[in-house]
Amino acid sequence: MIIPLHARLEYDVNRHRPGRHEDGMACLVMISLLAIMMILSMEEIRCLAHLRREIKFQEKQQVQRLVSEPAQYQSVKNHTAAAELPSQ
């Protein structure tokens, strides 16, 4: 028995086509991956905001320390400058 070519091609196409259940699983996998990526990006944004606040806090502390004790840092600066001068 000889099967016409168009019937064989149609049979091959339908044989390898995924069912509706497999299409639904691919959709669920993609939605799950997108959800995971969104959670990770939101966590990264939160960590960056926390880091930015921490840097601002450290900068404020450093400025306050430099303003409150200028004489100490001035003497260190003078001592360093004197050490760099060649002795006569």
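The table below gives the values:
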| read-out | value |
| --- | --- |
| Looking only at segment 42-88, and only at residues there that are assigned to a helix (DSSP H, G or I), surrounded by fewer than 10 Cβ atoms within 10 Å (Cβ to Cβ) and of a type in the set (Ser, Thr, Tyr), the one that is modelled with the highest pLDDT | Ser68 |
| Residue match in segment 2-20 (condition: part of a helix (DSSP H, G or I), modelled with pLDDT of 70 or more and not acidic (Asp, Glu)) | no |
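The values are calculated or read from the model by the stated rules, or taken from the named source; none is laboratory data. The shown structure was predicted, so the numbers you read here are calculated from the model rather than taken from an experiment. With ideal geometry, Cβ positions are generated from the backbone for all residues, glycine too; neighbour counts draw on all protein chains shown.
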